[in-house]
Each structure stands twice: as C-alpha cells, then as structure tokens.
There are 2 protein chains.
Amino acid sequence: MNDFVMHPIGVIHSPYIVKEQPPIQASRSQAVGEVEVFPEYAPGLQDLDGFSHIILLYVWHEAQGFDLLVKPFLDDQKHGIFATRYPGRPNQIGISIVRLLAVRDNLLEIEGADMLDNTPLLDIKPYVPDFDIRTGTRNGWYETRKV
Amino acid sequence: MNDFVMHPIGVIHSPYIVKEQPPIQASRSQAVGEVEVFPEYAPGLQDLDGFSHIILLYVWHEAQGFDLLVKPFLDDQKHGIFATRYPGRPNQIGISIVRLLAVRDNLLEIEGADMLDNTPLLDIKPYVPDFDIRTGTRNGWYETRKV
C-alpha cells in the first residue's frame with residue numbers, strides 16, 4: 001500500500017523542552033501553550049473560536065522508532081503498542097484534546113499542553129461531544145493497572 | 001518544516017463503496033466493518049481486546065485536495081476547515097471512535113464504521129474516558145446549526 005506524505009500546517013509551542021517533562025495526558029495538564037498555524041492556513045481557523053475544546057493532531061517528532069510491545073507510562077506490564085497511547089508507534093501521530101483559550105489571527109492560546117515545544121502540527125478539529133464521547137466503556141489494562 | 005511520511009499499518013473494510021454512502025460520524029453509525037492489520041504489526045494488538053472502544057486514525061484517500069472554507073455536512077453555512085470535521089483538509093487524516101466487537105488474530109470486527117471500504121489505516125489507540133472525555137464544552141456553529 002502507498003505511503004502518504006503529511007505536510008505540517010503549523011507548530012505547537014509548549015513549556016516542555018525535553019522528553020521527560022510533558023505530563024502523561026492533556027487531560028492531566030494545565031500547561032498553557034501556543035499553537036502557531038502557518039499564515040497560509042489561517043483562513044481555515046474561521047469560527048474555531050466558538051469551540052471551547054479542540055483536537056490537535058501532531059507528530060511525535062522526538063520519538064525514535066517503535067516496538068510492538070511496550071510498557072506504557074501508567075502500567076508496569078507490557079502491552080501491544082496499539083493497546084497503549086505510547087508515542088513510539090509505527091506512525092507517530094499524537095492526539096490531544098485541549099482547551100482553546102483565545103484565537104488571535106494565526107495563533108491559538110491553549111490550556112492542557114502535553115507535547116514538546118516545537119511539535120509539528122498536522123491538523124486541528126473541533127471537539128464535539130456528540131461525536132467524541134462514549135460512555136459505558138470497558139478499559140482493559142487501564143482499569144486494573146497497578147501504577 | 002519537513003514533511004512526514006506515513007506508512008499504512010492496515011486497511012479498513014466497510015460496507016461503503018462510494019463517497020455518498022458513509023454516515024456523517026461514527027457515533028451515528030451501526031455499520032459493522034473489519035479492520036485488517038497487516039500481519040507484521042499484529043503483535044501490537046496484544047491486550048487491545050480488553051477495550052470496548054478504539055480510536056482509528058486513517059487517511060481519507062478519496063478526498064480531492066482542500067479548501068480553507070467549507071460547508072460541512074451538518075450546516076448550510078461555510079466555516080473554516082479547522083472548525084469542521086470535513087474530510088477535504090490539508091492533511092486528510094480521519095479519526096473515528098468505534099466499538100470493538102472482536103479480535104481474531106490480525107482482524108478486528110468493529111461497529112460504527114463511517115469510512116469508505118479499503119481506507120488506509122495509520123494507527124489504532126484505545127479509547128480511554130479519563131483521557132478523551134471533556135464535559136461542559138461550548139460547541140460553536142454545531143450548537144446553532146440549522147440542518
């Protein structure tokens with residue numbers, strides 16, 4: 001099957017400079033960051049400011065290759081990479097749901113940053129509860145973890 | 001900024017053959033589909049079957065280019081592409097949260113398919129309410145839409 005080439009639309013600025021710093025998930029972070037959308041894409045931000053939360057898709061640019069079995073940050077047992085949110089994966093695409101504090105031209109101020117500074121941004125989508133919330137879930141190893 | 005090359009890890013089979021068929025969101029779909037993970041990645045599925053819902057990241061391979069202002073399926077007004085979930089976007093990465101019905105070797109049976117048959121798969125992540133649910137959101141044009 002063909003490869004697909006992704007071209008960053010911007011860059012995410014955060015307080016986290018080295019890999020050990022970011023919190024484990026955006027939902028556990030109150031860090032403020034700034035999403036810089038490259039000016040040529042700025043018209044695509046119209047009406048985004050009506051949404052309180054947005055989904056960022058980005059590249060874990062510092063991850064080095066991948067293993068198919070990994071020990072996630074929140075457990076002491078190995079699991080298949082696709083049963084975890086671990087960054088080192090075959091296609092190193094991260095997703096974070098963050099609070100949108102303000103939109104100024106091509107800059108988005110966000111709360112809940114959990115990615116490294118200078119992370120390449122691939123996409124922004126509005127978070128829509130009707131689309132994105134599932135309840136009554138079973139949560140595998142995450143429910144019974146020891147960490 | 002450098003481009004990033006994504007290499008599909010599998011393919012999603014669904015009942016939808018042409019673009020007009022898929023439902024607008026996975027949350028509105030009860031269609032059963034099958035995710036075929038290429039055999040070399042199958043070890044990465046270990047323990048995924050403990051999760052009732054998974055997030056699929058895939059390529060909207062039939063989308064032709066993009067506009068920065070689009071009229072989404074659920075409104076009659078144009079909005080910035082990043083304020084919509086419309087497929088034709090700068091990096092055509094779709095995300096769908098689907099129910100995981102069964103795992104058999106490298107095949108996942110899913111409910112809630114909303115993508116075309118033969119969609120290239122980039123990643124699978126477990127859906128974890130602690131990470132993925134936000135409440136008390138503002139939902140922009142989606143709240144006041146007329147369609």
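Bear in mind that the values in this text are calculations on the coordinates, not laboratory data. Everything quoted here is computed from the prediction, not taken from an experiment. Glycine also receives a Cβ, built like all others from the backbone with ideal geometry; neighbour counts cover every protein chain displayed.
Remarks
- Residues whose amide H lies under 5 Å from that of B:Tyr16, counting only those 5 or more places away or on a different chain, are B:Asp117; hydrogens are built 1.01 Å from N in the peptide plane.
- The Rg/Rh ratio of segment A:43-133, with both radii computed over alpha carbons and Rh defined as the Kirkwood radius, is 1.03.
- When chain B is described by a simple charge dipole with +1 on each Lys and Arg Cβ and -1 on each Asp and Glu Cβ, the residue from B:Ile24, B:Pro129, B:Gln46 located farthest towards its positive end is B:Ile24.
- Alpha-carbon Rg with Dmax, taken over segment B:8-55, Å: 12.9, 35
- Cα extents of segment B:1-83 along the three principal axes, largest first (Å): 45, 39, 24
- Distance from the alpha carbon centroid of segment B:109-145 to that of segment B:32-87 works out to 8 angstrom.
- In order along segment A:19-36, the phi-based Karplus estimate (6.51 cos²θ - 1.76 cosθ + 1.60, θ = phi - 60°) of 3J(HN,Hα) comes to 4, 7, 7, x, x, 6, 8, 4, 5, 9, 10, 10, 5, 8, x, 9, 9, 9 Hz; Gly and Pro are listed as x.
- Largest mean-square fluctuation among B:Pro129, B:Pro43, B:Pro15, in a Gaussian network model of chain B whose springs join Cα atoms under 10 Å apart, belongs to B:Pro129.
- Projected-area average for the protein assembly as shown over all orientations - Cα convex hull basis, square nanometres: 14.1
- Charge tally for B:Tyr127 (other residues, Cβ to Cβ under 11 Å; Lys, Arg +1; Asp, Glu -1): +2.
- Mean residue ellipticity (222 nm) of chain B, computed from DSSP H runs ≥ 4 via -39,500 (n - 2.57), nearest 500: -1000 deg cm²/dmol
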